[in-house]
Amino acid sequence: MTGERAHASVPASVGAPTERCGSGQARSDPGKAALPALVRRYVGRALPSGCHGHNPRLVRVTQAGEMRQKPGGSWRRFTATEDFAVDEVAYSWRARFPIAPLVWLSVVDGYTGGEGFLEARAWGLFRVIRARGQDVSEGEALRYLFELPWVPQAMLANGALEWRAIDAKTVEVATAVGPARLAARFEFDEAGDIIGASCDARPYLDGKTFVARPWAGRFADYANIGGVRLPTRAEVRWELPDGPFAYWRGTISSLELDPPRSSRSGV
């Protein structure tokens with residue numbers, strides 16, 4: 001299967017939908033090439049039997065974790081809610097960082113309509129950070145690709161994704177952002193779980209300038225959350241000239257299919 005390419009397609013429905021499948025319409029296989037075997041196996045283990053032809057439109061997860069801004073910097077705790085679109089490349093991450101008693105930072109990070117965005121506000125009111133542009137869009141779209149292990153429904157339903165088997169344990173997934181083709185690789189273990197993600201170049205803000213740097217992540221502690229089997233722990237790092245810089249680590253605490261849409265979501 002080395003070199004095989006496929007666009008995401010939905011396999012024929014297997015049985016009737018269950019409550020955990022979400023409210024999306026049943027979708028039959030449009031006849032496109034099958035996903036790589038590693039991805040089909042992953043989805044088969046992740047989703048309840050009978051859900052493969054019934055995808056939600058939106059998946060919401062809640063997270064708790066820590067982030068830091070620079071190598072050697074202090075870790076800051078956060079809680080977050082993240083919404084993922086299933087049939088397009090789009091997501092919204094809404095986090096709250098306690099800074100001091102009665103002081104917090106609200107962060108909204110995401111990608112929708114072909115554009116990425118990042119905004120931070122003190123007390124959720126006063127904007128202190130705002131970032132947009134092609135570099136931001138490419139970085140946010142790559143984040144969506146990296147986080148697909150939490151949204152196996154999108155592996156089936158998102159026609160904007162292009163898949164390619166690289167070898168017996170590695171698969172590439174790609175999408176387009178304007179003129180750029182962005183790709184990430186997933187590493188699978190013997191059991192068929194995704195344990196790693198990587199890309200050769202993601203825009204990294206070095207001072208006031210974006211520089212392309214390798215980016216990587218690890219996934220662990222698979223469990224059934226909200227009826228879906230997924231990794232509940234992850235860590236993300238940059239591969240910098242001075243060495244690896246781990247800057248994000250967190251856990252998934254809940255998952256909801258087709259939740260009521262928040263006006264803050266943007267997805």
What is the Cα convex hull volume of segment 83-159 when expressed per residue in Å³? 94 Å³
So for segment 58-257, taking the charge dipole from beta-carbon charges (+1 Lys/Arg, -1 Asp/Glu), which of 80, 129, 184 sits furthest toward the positive end? 129
Difference of contour (0.36 nm per residue) and Cα-Cα distance, residue 209 to residue 128: 27.3 nm
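Rounded to the nearest 0.05, what FRET efficiency do residue 254 and residue 168 have when you use their Cβ-Cβ distance and R0 = 41 Å?
With a Förster radius of 41 Å, E is 0.75.
Can you sort 232, 170 so the residue with the fewest Cβ neighbours within 10 Å comes first?
Result, fewest neighbours first: 170, 232.
From the gyration tensor of the Cα coordinates in segment 56-189, what semi-axes in whole Å does the equivalent ellipsoid have, largest first, with each one equal to sqrt(5λ)?
29, 16, 15
How do 129, 252, 225 rank when sorted from fewest to most other Cβ atoms within 10 Å of their own Cβ?
If I rank by nearby Cβ atoms, fewest first, I get 129, 225, 252.
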Debye intensity ratio I(q)/I(0), log10, segment 110-267, q values 0.08 Å⁻¹ (C-alpha model): -0.25
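Would you list 49, 92 from fewest to most Cβ contacts within 10 Å?
Listed from fewest to most nearby Cβ atoms, that is 49, 92.
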For residue 161, the residues 5 or more places away or on another chain with a placed amide H closer than 5 Å to its own amide H are 8
Can you give me the distance in nm between label points at residue 242 and residue 62, each placed 7 Å from the Cα along the Cα-to-Cβ direction? 3.8 nm
If I model a spin label as a point 7 Å beyond the Cα along the Cα-Cβ vector, how far apart are those points for residue 224 and residue 181 in nm? 4.0 nm
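Every number in this text was worked out from the coordinates using simple rules, so none of it is lab data. Just so it is clear, the structure is predicted and the values come from calculations on it, not from any experiment. Backbone-built Cβ (ideal geometry, glycine too); neighbour counts: all protein chains shown.
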